[in-house]
Amino acid sequence: MKFGVIIFPGSNCDHDAYWTVQQVAKQTVTFLWHESHDLENCDVIIVPGGFAYGDYLRTGAIAKLSPVMQSVRRFAGGGGLVLGICNGFQILCESGLLPGALMRNVGLKYVCKPVHVRVENADTPFTNACRKGEVLSIPIGHMEGNYFCDGETLEELNRHNRVVFRYSTPSGDITQTANPNGSLDNIAGILSPGGNIVGMMPHPERSAEPELGCTDGFKVFQSVVGAMSAK
(Lines give C-alpha, C1' and ligand atoms only; values in the text may rest on other atoms or scores of the structure.)
Protein backbone atom coordinates (compact mmCIF):
# COMPACT_ATOMS: atom_id res chain seq x y z
CA MET A 1 0.00 0.00 0.00
CA LYS A 2 1.42 3.35 -1.05
CA PHE A 3 0.20 6.87 -0.33
CA GLY A 4 1.05 9.96 -2.33
CA VAL A 5 0.94 13.47 -0.86
CA ILE A 6 0.84 16.28 -3.42
CA ILE A 7 3.05 19.34 -2.99
CA PHE A 8 1.89 22.60 -4.56
CA PRO A 9 3.67 25.94 -4.17
CA GLY A 10 2.07 27.15 -0.94
CA SER A 11 1.19 23.76 0.53
CA ASN A 12 1.95 23.84 4.26
CA CYS A 13 0.29 20.69 5.60
CA ASP A 14 1.97 18.27 3.20
CA HIS A 15 4.66 17.23 5.68
CA ASP A 16 2.05 16.80 8.42
CA ALA A 17 0.09 14.39 6.23
CA TYR A 18 3.30 12.61 5.20
CA TRP A 19 4.36 12.19 8.84
CA THR A 20 0.96 10.82 9.86
CA VAL A 21 0.94 8.24 7.07
CA GLN A 22 4.55 7.16 7.58
CA GLN A 23 5.10 7.44 11.34
CA VAL A 24 1.62 6.89 12.75
CA ALA A 25 -0.17 4.73 10.17
CA LYS A 26 3.13 2.96 9.33
CA GLN A 27 2.52 3.02 5.57
CA THR A 28 4.71 3.74 2.58
CA VAL A 29 4.32 7.31 1.37
CA THR A 30 5.90 9.61 -1.20
CA PHE A 31 5.63 13.27 -2.16
CA LEU A 32 4.16 14.09 -5.58
CA TRP A 33 5.29 17.32 -7.23
CA HIS A 34 2.60 19.54 -8.76
CA GLU A 35 4.38 19.77 -12.13
CA SER A 36 4.58 16.00 -12.56
CA HIS A 37 2.02 13.76 -14.24
CA ASP A 38 3.48 10.70 -12.49
CA LEU A 39 1.50 9.42 -9.49
CA GLU A 40 4.25 6.82 -8.92
CA ASN A 41 1.86 3.87 -8.64
CA CYS A 42 0.27 5.22 -5.47
CA ASP A 43 -2.89 3.56 -4.16
CA VAL A 44 -4.17 6.61 -2.26
CA ILE A 45 -3.70 10.30 -3.07
CA ILE A 46 -3.83 13.04 -0.43
CA VAL A 47 -4.42 16.61 -1.55
CA PRO A 48 -3.21 18.47 1.55
CA GLY A 49 -4.03 21.75 3.21
CA GLY A 50 -2.29 25.06 2.72
CA PHE A 51 -2.47 27.87 0.19
CA ALA A 52 -1.79 26.28 -3.20
CA TYR A 53 -0.39 28.92 -5.56
CA GLY A 54 -1.08 31.50 -2.85
CA ASP A 55 -4.84 31.06 -3.30
CA TYR A 56 -4.58 33.60 -6.13
CA LEU A 57 -7.82 34.21 -8.07
CA ARG A 58 -9.61 32.05 -5.51
CA THR A 59 -8.80 28.92 -3.53
CA GLY A 60 -7.92 26.00 -5.81
CA ALA A 61 -8.49 27.94 -9.06
CA ILE A 62 -4.88 27.62 -10.25
CA ALA A 63 -4.10 24.30 -8.59
CA LYS A 64 -6.83 22.59 -10.59
CA LEU A 65 -4.85 23.35 -13.77
CA SER A 66 -1.63 21.70 -12.57
CA PRO A 67 -0.29 18.60 -14.35
CA VAL A 68 -0.62 16.45 -11.25
CA MET A 69 -4.35 17.18 -10.97
CA GLN A 70 -4.87 15.96 -14.53
CA SER A 71 -3.47 12.63 -13.37
CA VAL A 72 -5.54 12.72 -10.18
CA ARG A 73 -8.69 13.10 -12.28
CA ARG A 74 -7.81 9.98 -14.26
CA PHE A 75 -6.85 8.13 -11.07
CA ALA A 76 -10.13 9.05 -9.39
CA GLY A 77 -12.08 8.19 -12.53
CA GLY A 78 -10.67 4.67 -12.25
CA GLY A 79 -11.85 4.33 -8.66
CA GLY A 80 -8.65 5.41 -6.89
CA LEU A 81 -9.00 6.79 -3.37
CA VAL A 82 -8.49 10.55 -3.00
CA LEU A 83 -8.60 12.50 0.27
CA GLY A 84 -8.71 16.30 0.10
CA ILE A 85 -8.04 18.15 3.36
CA CYS A 86 -8.93 21.84 3.79
CA ASN A 87 -7.24 23.49 0.77
CA GLY A 88 -7.35 20.02 -0.78
CA PHE A 89 -11.14 20.03 -0.43
CA GLN A 90 -11.23 23.41 -2.14
CA ILE A 91 -9.06 22.11 -4.98
CA LEU A 92 -11.24 19.02 -5.46
CA CYS A 93 -14.33 21.21 -5.76
CA GLU A 94 -12.61 23.55 -8.22
CA SER A 95 -11.49 20.51 -10.22
CA GLY A 96 -15.04 19.21 -10.48
CA LEU A 97 -14.23 16.03 -8.58
CA LEU A 98 -16.62 17.13 -5.83
CA PRO A 99 -19.69 19.38 -6.15
CA GLY A 100 -20.14 22.81 -4.65
CA ALA A 101 -17.66 25.45 -3.59
CA LEU A 102 -15.92 26.75 -0.47
CA MET A 103 -16.57 30.44 0.15
CA ARG A 104 -15.28 32.99 2.67
CA ASN A 105 -16.22 32.26 6.24
CA VAL A 106 -19.20 34.08 7.65
CA GLY A 107 -17.68 36.95 9.59
CA LEU A 108 -14.77 37.12 7.12
CA LYS A 109 -12.25 35.93 9.68
CA TYR A 110 -9.70 33.16 9.60
CA VAL A 111 -10.80 30.46 12.05
CA CYS A 112 -8.28 28.14 13.69
CA LYS A 113 -9.49 25.98 16.57
CA PRO A 114 -10.63 22.47 17.48
CA VAL A 115 -14.20 21.72 16.42
CA HIS A 116 -16.57 18.80 16.77
CA VAL A 117 -17.86 16.94 13.74
CA ARG A 118 -20.50 14.23 13.67
CA VAL A 119 -19.91 11.22 11.44
CA GLU A 120 -22.92 11.05 9.12
CA ASN A 121 -21.76 8.12 7.01
CA ALA A 122 -19.51 5.43 8.47
CA ASP A 123 -19.79 3.21 5.41
CA THR A 124 -17.01 4.80 3.36
CA PRO A 125 -13.30 4.03 2.83
CA PHE A 126 -12.53 7.13 4.89
CA THR A 127 -14.82 6.56 7.89
CA ASN A 128 -15.19 2.79 8.34
CA ALA A 129 -13.25 2.95 11.62
CA CYS A 130 -15.95 5.27 13.01
CA ARG A 131 -19.54 4.74 14.11
CA LYS A 132 -22.42 6.56 12.48
CA GLY A 133 -23.31 9.43 14.80
CA GLU A 134 -19.91 9.39 16.50
CA VAL A 135 -18.57 12.84 17.36
CA LEU A 136 -14.91 13.52 16.59
CA SER A 137 -12.76 16.41 17.80
CA ILE A 138 -10.61 17.66 14.91
CA PRO A 139 -8.99 21.09 14.38
CA ILE A 140 -9.80 23.49 11.57
CA GLY A 141 -7.69 26.31 10.14
CA HIS A 142 -9.22 28.17 7.21
CA MET A 143 -10.56 31.41 5.80
CA GLU A 144 -12.68 29.83 3.05
CA GLY A 145 -14.46 26.90 4.69
CA ASN A 146 -18.03 27.99 4.09
CA TYR A 147 -19.38 25.13 1.96
CA PHE A 148 -22.10 26.05 -0.50
CA CYS A 149 -24.03 24.30 -3.26
CA ASP A 150 -27.38 24.78 -4.95
CA GLY A 151 -30.56 23.23 -3.58
CA GLU A 152 -30.61 20.38 -6.08
CA THR A 153 -27.06 19.38 -5.20
CA LEU A 154 -27.78 19.54 -1.47
CA GLU A 155 -30.82 17.33 -1.94
CA GLU A 156 -28.72 14.83 -3.87
CA LEU A 157 -25.97 14.83 -1.23
CA ASN A 158 -28.50 14.13 1.51
CA ARG A 159 -30.51 11.60 -0.49
CA HIS A 160 -27.46 9.50 -1.32
CA ASN A 161 -25.84 9.84 2.12
CA ARG A 162 -22.88 11.74 0.70
CA VAL A 163 -22.50 14.20 3.57
CA VAL A 164 -19.76 12.49 5.57
CA PHE A 165 -19.19 15.01 8.39
CA ARG A 166 -21.27 17.82 9.91
CA TYR A 167 -20.16 20.40 12.45
CA SER A 168 -21.87 19.61 15.74
CA THR A 169 -21.88 20.20 19.47
CA PRO A 170 -19.83 17.80 21.62
CA SER A 171 -23.05 15.85 22.22
CA GLY A 172 -23.73 15.55 18.49
CA ASP A 173 -26.42 18.18 18.01
CA ILE A 174 -26.36 20.01 14.69
CA THR A 175 -26.78 23.66 15.64
CA GLN A 176 -25.97 27.05 14.19
CA THR A 177 -23.66 27.86 17.08
CA ALA A 178 -21.64 24.70 16.36
CA ASN A 179 -21.02 25.89 12.79
CA PRO A 180 -17.66 27.72 12.73
CA ASN A 181 -17.84 29.15 9.22
CA GLY A 182 -21.46 29.37 8.04
CA SER A 183 -21.24 26.20 5.99
CA LEU A 184 -24.53 25.17 4.37
CA ASP A 185 -26.35 22.54 6.45
CA ASN A 186 -23.30 22.42 8.77
CA ILE A 187 -21.42 20.42 6.14
CA ALA A 188 -17.79 19.70 7.03
CA GLY A 189 -17.06 16.94 4.51
CA ILE A 190 -18.62 15.27 1.49
CA LEU A 191 -18.25 12.14 -0.62
CA SER A 192 -18.12 11.74 -4.39
CA PRO A 193 -20.87 9.80 -6.25
CA GLY A 194 -18.51 6.85 -6.65
CA GLY A 195 -17.62 6.84 -2.95
CA ASN A 196 -13.86 7.02 -3.60
CA ILE A 197 -13.24 10.75 -3.02
CA VAL A 198 -13.73 12.70 0.20
CA GLY A 199 -13.16 16.36 0.83
CA MET A 200 -13.17 17.67 4.40
CA MET A 201 -12.30 21.02 5.96
CA PRO A 202 -11.08 19.73 9.37
CA HIS A 203 -7.44 18.55 9.53
CA PRO A 204 -7.30 14.89 10.67
CA GLU A 205 -3.50 14.92 10.46
CA ARG A 206 -3.48 17.54 13.22
CA SER A 207 -5.27 15.24 15.64
CA ALA A 208 -3.66 11.90 14.97
CA GLU A 209 -1.28 11.52 17.94
CA PRO A 210 -1.55 11.93 21.72
CA GLU A 211 1.16 14.61 21.58
CA LEU A 212 -1.27 16.77 19.59
CA GLY A 213 -3.90 16.56 22.31
CA CYS A 214 -6.34 14.36 20.40
CA THR A 215 -6.25 11.21 18.27
CA ASP A 216 -9.71 11.32 16.67
CA GLY A 217 -8.34 12.38 13.30
CA PHE A 218 -6.32 9.20 13.00
CA LYS A 219 -9.55 7.29 12.44
CA VAL A 220 -9.66 8.77 8.93
CA PHE A 221 -6.24 7.32 8.09
CA GLN A 222 -7.03 4.08 9.91
CA SER A 223 -10.17 3.76 7.80
CA VAL A 224 -8.29 4.22 4.54
CA VAL A 225 -5.67 1.65 5.50
CA GLY A 226 -8.42 -0.79 6.47
CA ALA A 227 -10.29 -0.21 3.22
CA MET A 228 -7.18 -0.80 1.12
CA SER A 229 -6.18 -3.88 3.13
CA ALA A 230 -9.62 -5.39 2.56
CA LYS A 231 -9.24 -5.19 -1.22
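Sort out which residues of the range 1-51 are farther than 26 Å from Glu144 by Cα, in a loop (DSSP other than H, G, I, E, B) and not small (Gly, Ala, Ser), and write them in order of number. Result: Met1, Lys26, Gln27, His37, Asp38, Leu39, Glu40, Asn41, Cys42, Asp43. Those residues that are within 15 Å of Asp14 (Cβ to Cβ) and of a type in the set (Gly, Ala, Ser), I need them from the range 55-90; list them, please. Result: Ala63, Ser66, Gly84, Gly88. Among the residues of the range 23-53, those identified as of a type in the set (Asp, Glu), exposed (fewer than 13 other Cβ atoms within 10 Å of the Cβ) and either at negative phi or touching an Asp or Glu at 6+ places or on another chain (Cβ under 9 Å) (or both) are Glu35, Asp38.
Looking only at the range 179-197, how many residues end up being part of a loop (DSSP other than H, G, I, E, B) and crowded, with 20+ Cβ neighbours inside 10 Å? Show your work before the answer.
Looking only at the range 179-197, we keep the residues that are part of a loop (DSSP other than H, G, I, E, B), and these are 179-183, 192-196.
Those still in the list that are crowded, with 20+ Cβ neighbours inside 10 Å too: 179-181, 183, 196.
Matching residues across the range 179-197 total 5.
Please go through the range 147-158 and pick out each residue that is in a helix (DSSP H, G or I) and in contact with a Gly (Cβ under 9 Å, 6 or more places away or on another chain). The answer is Thr153, Leu154, Leu157. Within the range 51-100, the set of residues being more than 22 Å from Pro125 (Cα to Cα) and either of a type in the set (Lys, Arg) or in contact with a Pro (Cβ under 8 Å, 6 or more places away or on another chain) (or both) comprises Ala52, Tyr53, Gly54, Arg58, Lys64. The set of residues in the range 198-215 being assigned to a loop (DSSP other than H, G, I, E, B) and buried (at least 20 other Cβ atoms within 10 Å of the Cβ) consists of Met201, Pro202, His203, Ala208.
Leu157 - would you say it is under 15 Å from the mean Cα position of the chain (by Cα), buried (at least 16 other Cβ atoms within 10 Å of the Cβ) and of a type outside the set (Gly, Ala, Ser)?
Numbers: under 15 Å from the mean Cα position of the chain (by Cα): no; buried (at least 16 other Cβ atoms within 10 Å of the Cβ): yes; of a type outside the set (Gly, Ala, Ser): yes.
Criteria not met by Leu157.
All conditions in (1) within 21 Å of Gly96 (Cβ to Cβ); (2) at pLDDT below 95; (3) of a type in the set (Lys, Arg) hold for Lys231, with the sole exception of (1). Within the range 112-135, the residues that satisfy the criterion of being in contact with a Gly (Cβ under 7 Å, 6 or more places away or on another chain) and aliphatic (A, V, I, L, M) are Val119, Ala129, Val135.
How many residues are outside any loop (DSSP other than H, G, I, E, B) and either closer than 12 Å to Arg118 by Cα or touching a helix residue (DSSP H, G or I) at 6+ places or on another chain (Cβ under 8 Å) (or both) if we restrict to the range 159-178? Lay out the reasoning, then the answer.
The initial filter retains those residues of the range 159-178 that are outside any loop (DSSP other than H, G, I, E, B), namely 159, 163-168.
Within this subset, residues satisfying the condition of being either closer than 12 Å to Arg118 by Cα or touching a helix residue (DSSP H, G or I) at 6+ places or on another chain (Cβ under 8 Å) (or both) are 163-168.
Selection size over the range 159-178: 6.
For every residue, the table says whether it meets (1) of a type outside the set (Asp, Glu); (2) under 22 Å from His15 (Cβ atoms).
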{"residue": "Thr169", "(1), (2)": "yes, no"}
{"residue": "Pro202", "(1), (2)": "yes, yes"}
{"residue": "Glu211", "(1), (2)": "no, yes"}
{"residue": "Thr215", "(1), (2)": "yes, yes"}
{"residue": "Gly226", "(1), (2)": "yes, no"}
{"residue": "Ala230", "(1), (2)": "yes, no"}
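Residues of the range 40-50 include at least one that is more than 21 Å from Cys214 (Cβ to Cβ), in contact (Cβ under 8 Å) with a residue 60 or more places away in the chain and within 18 Å of the chain's Cα centre (by Cα).
Any chance you could count how many residues in the range 13-22 are over 26 Å from Ala61 (Cβ atoms) and buried (at least 20 other Cβ atoms within 10 Å of the Cβ)?
Keep residues of the range 13-22 that are over 26 Å from Ala61 (Cβ atoms), which gives 19-22.
Those still in the list that are buried (at least 20 other Cβ atoms within 10 Å of the Cβ) too: 20-21.
The total comes to 2.
Within the range 65-80, being touching a residue at least 24 places away in the same chain (Cβ under 8 Å) and more than 15 Å from Leu32 (Cα to Cα) holds for Ala76, Gly79, Gly80.
The values are calculated or read from the model by the stated rules, or taken from the named source; none is laboratory data. On a predicted model such as this, the values are computed, not experimentally measured, just so you know. Reconstructed Cβ throughout: ideal geometry from the backbone, glycine too, with neighbour counts over all protein chains shown.
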